[in-house]
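Just so it is clear, none of the values below were taken in a lab; they were calculated from the coordinates. Please read these numbers as outputs of a predicted model, since none were measured by experiment. Note: ideal-geometry Cβ built from the backbone for every residue, glycine included; neighbour counts use all protein chains shown.
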């Protein structure tokens, strides 16, 4: 099925729930990725309301805060998520014993670190779940790369990437959480990014 992306983005690009329902209505195998950062309950609630058994993929890098792990458990239970956790090949303890602490952003080893704890697990997740549609919570305000993205796009490998919240503000997300009585998590750190406005690699490589 060929898709008129320009038409779809014009019609649904700023209609998050409508976009989710359109994408689910394609009848294609889908996943939604999460890292349980702030406001992640929004995308998880929105997608599972339209597709209750959608596989939820979490690349748990092993460096999350205690609050993030508790939040993950809370949201998984609350929304009855079909959670699929993908871990790096080495545990954090193993990696640090051999390679030391998390490399800084200007360390040449940082790219290899990102590959090990995030990109390789994501590639494995894609191979095992074999989705045709990927729901993601990325937002235009987060990085310069994301500001140039469309809400619906097709990756080079043919995977349809759907970002229903692309044009949402933090206020929009907060109001959605309030309306639907969803929990939140603000104690979140991504060691592959280091800085809030820096790309982690996931949306550059795929």
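Laid out as a table, the results:
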| read-out | value |
| --- | --- |
| Computed helical MRE - 222 nm, the chain, DSSP H runs ≥ 4 contributing -39500 (n - 2.57), nearest 500 | -11000 deg cm²/dmol |
| Exposure proxy ranking, count of Cβ atoms within 10 Å, fewest first, for 60, 82, 157 | 157, 82, 60 |
| Of all DSSP beta bridges in the chain, antiparallel share, percent nearest 5 | 20 percent |
| Crossing angle, helix 40-50 versus the chain [Cα axis fit, 0-90 degrees, rounded to tens] | 40 degrees |
| In range of the label at residue 101: residues from the stretch 66-94 whose backbone nitrogen is under 20 Å from the point 7 Å along Cα→Cβ | 66, 91-94 |
| Angle between the chain longest axis and helix 120-129 axis [Cα atoms, degrees, rounded to 10] | 40 degrees |
| Proxy reagent accessibility, fewest Cβ within 10 Å first, across 8, 43, 85 | 85, 8, 43 |
| Model label zone, residue 188; criterion: amide N under 12 Å from point 7 Å along Cα-to-beta-carbon; scope the stretch 47-74 | 65, 68-69, 71-72 |
| Angle between the chain longest axis and helix 170-179 axis [Cα atoms, degrees, rounded to 10] | 70 degrees |
